[in-house]
Amino acid sequence: MRTIGVLTSGGDAPGMNAAIRAVVRMGIHKGLRVMGIQRGYNGLINGEIYDMNRATVSDIIQRGGTILKTARSEEFRTEEGRKKAYNVLKVFGIEGLVVIGGDGSFTGAQKLSQEFGLKTIGIPGTIDNDLAYTDYTIGFDTAQNTVLDAINKLRDTSTSHERVSIVEVMGRRCGDIALYTGLAGGSESIIIPEEDYNFDELCKTIIEGKVRGKLHNLILLAEGVGGAEEMAKKIQDVTGIDTRATVLGHIQRGGSPSAFDRVLASRLGARAVELLCEGKSQRVVGIKDNKIVDIDINEALAMKRESNRELYELAKILSY
Ligand code: F6P
């Protein structure tokens, strides 16, 4: 293997830059030529590719977003689009591809390998933490800290007004951001797609809390359940307590990556290159019990994710 490419795809996540840096610098360390592909699979189809070196990735480890830009490519979903992409890879002499993104991005890598025999390795980069084969994805830790910062501020105003505050956080169908920040932020309730919830019970908890002297009530709601505004109105109607909804949105995707995300991204980026050098393909890297692991991409995509029940139950006990 002489030349490898790296791209970021799907929603950006803090720490993607640290992963790009690790891929480039480990690649150069191994004697490879490393090419950066801009705008995900769209940029690959359009040949938006440039040579990277140690200097092109300096001063980026602390930056959020991705210097390579990212996109969700409709064209790449078609066979014709993928053929174009593969032809571009051939023109640039790219023999191995590192894809940083979520499950949709991994599916793209899997198709390039299966249809054209290209060597691919996936690195999990998404704030959602929704990939079953890895304990953590790059960006999840930073997103949690961003949410916690917002929760701390909301607590101030909710306490002053003695209100209920519903905070809707991202995660697509996965409730991890809500679950972890609900626990870490000392919320009264956590509503996630993986666990059933009962609206009457929720209102009862709010009223009981008020009677016990709670000055505010914080509810973490995952976007996979959604409807924060509507829920706030219903809670106010039933409990008679002033209720406000806050949808945190894309603020959760930005910001300087945490130390955890930088270290994770550096380890995963480096390992991805090593795997390509070992001749491996169609694998994704991840972290299990603080050890860097890699598994077959098909296996990874087929794995069903389970929510952390233990944390959910613990948060319930501690919220009382
Ligand atoms: O996958 C990351 C994510 O931020 C999800 O949590 C969210 O549902 C989605 O992307 C938002 O996508 P977009 O940036 O296209 O609005």
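Look at the stretch 162-175: where a residue is away from the ligand (no atom under 16 Å from the Cβ) and a partner is of a type in the set (Lys, Arg), sitting 6+ places away or on another chain with Cβ atoms under 6 Å, you get ARG163/ARG244; SER165/ARG244.
Could you tell me whether ASP51 is closer than 25 Å to TYR86 by Cβ, open to solvent by 20 Å² or more (accessible area, probe 1.4 Å) and at pLDDT 95 or above? First the steps, then the outcome.
Values: closer than 25 Å to TYR86 by Cβ: yes; open to solvent by 20 Å² or more (accessible area, probe 1.4 Å): yes; at pLDDT 95 or above: yes.
Judged against the criteria, ASP51 is a match.
Each residue in the stretch 237-260 was checked for being closer than 19 Å to ASN152 by Cα, in contact with a strand residue (DSSP E or B) (Cβ under 6 Å, 6 or more places away or on another chain) and part of a loop (DSSP other than H, G, I, E, B), and 1 of them qualify.
Tell me whether the stretch 142-159 contains one or more residues that are of a type in the set (Ser, Thr, Tyr), surrounded by fewer than 21 Cβ atoms within 10 Å (Cβ to Cβ) and not assigned by TED's automatic domain parsing to the domain that holds GLY108. Steps first, please.
First, the residues of the stretch 142-159 that are of a type in the set (Ser, Thr, Tyr): 142, 146, 157-159.
After this cut, where a residue has to be surrounded by fewer than 21 Cβ atoms within 10 Å (Cβ to Cβ) as well, the list is 157, 159.
Subset that is not assigned by TED's automatic domain parsing to the domain that holds GLY108: 157, 159.
Scanning the stretch 142-159 turns up at least one residue that is of a type in the set (Ser, Thr, Tyr), surrounded by fewer than 21 Cβ atoms within 10 Å (Cβ to Cβ) and not assigned by TED's automatic domain parsing to the domain that holds GLY108.
When only residues in the stretch 178-214 that are of a type in the set (S, T, N, Q) and more than 15 Å from ILE317 (Cα to Cα) count, which is least open to solvent (accessible area, probe 1.4 Å)? Even if it seems obvious, please write down each step before you answer.
Here is the first cut: in the stretch 178-214, the ones of a type in the set (S, T, N, Q) are 181, 187, 189, 198, 205.
The next check asks that each one be more than 15 Å from ILE317 (Cα to Cα); those that pass are 181, 198.
Values: THR181: 1, ASN198: 82 Å².
So, considering only residues that are of a type in the set (S, T, N, Q) and more than 15 Å from ILE317 (Cα to Cα), the one least open to solvent (accessible area, probe 1.4 Å) is THR181.
So, VAL263, is that one among the hydrophobic types (A, V, I, L, M, F, W, C), in a helix (DSSP H, G or I) and out of contact with any helix residue (DSSP H, G or I) (no Cβ under 7 Å at 6 or more places or on another chain) or not?
Working: among the hydrophobic types (A, V, I, L, M, F, W, C): yes; in a helix (DSSP H, G or I): yes; out of contact with any helix residue (DSSP H, G or I) (no Cβ under 7 Å at 6 or more places or on another chain): yes.
Taking the combined requirement at face value, the residue satisfies it.
Could you go through the stretch 53-73 and let me know if any residue there is more than 24 Å from ILE138 (Cα to Cα), more than 16 Å from the ligand (Cβ to nearest atom) and touching a residue at least 12 places away in the same chain (Cβ under 8 Å). Give the steps one after another, and end with the answer.
From the stretch 53-73, those more than 24 Å from ILE138 (Cα to Cα) are none; that's our starting set.
No, because not a single residue in the stretch 53-73 is more than 24 Å from ILE138 (Cα to Cα), more than 16 Å from the ligand (Cβ to nearest atom) and touching a residue at least 12 places away in the same chain (Cβ under 8 Å).
The residue that is nearest to the ligand (Cβ to nearest atom), among those in the stretch 1-16 that are under 11 Å from GLY40 (Cβ atoms) and assigned to a loop (DSSP other than H, G, I, E, B), is GLY11. When you go through ALA245, ALA270 one by one, which is the residue that is closer than 22 Å to GLY175 by Cβ and of a type in the set (Gly, Ala, Ser)? Unique residue meeting the criteria: ALA245.
Among the residues of this structure, ILE60 does not count as one that is part of a loop (DSSP other than H, G, I, E, B) and under 15 Å from GLY5 (Cβ atoms).
The values are calculated or read from the model by the stated rules, or taken from the named source; none is laboratory data. Every value quoted in this text rests on a predicted model; they were computed, and no experiment measured them. Counting neighbours? That spans all protein chains shown, and the Cβs are built from the backbone with ideal geometry, glycine included. Calculation scope for accessible area: heavy atoms of the full protein, side chains included, ligands and nucleic acids excluded. Shrake-Rupley method; radii C 1.70, N 1.55, O 1.52, S 1.80 Å.
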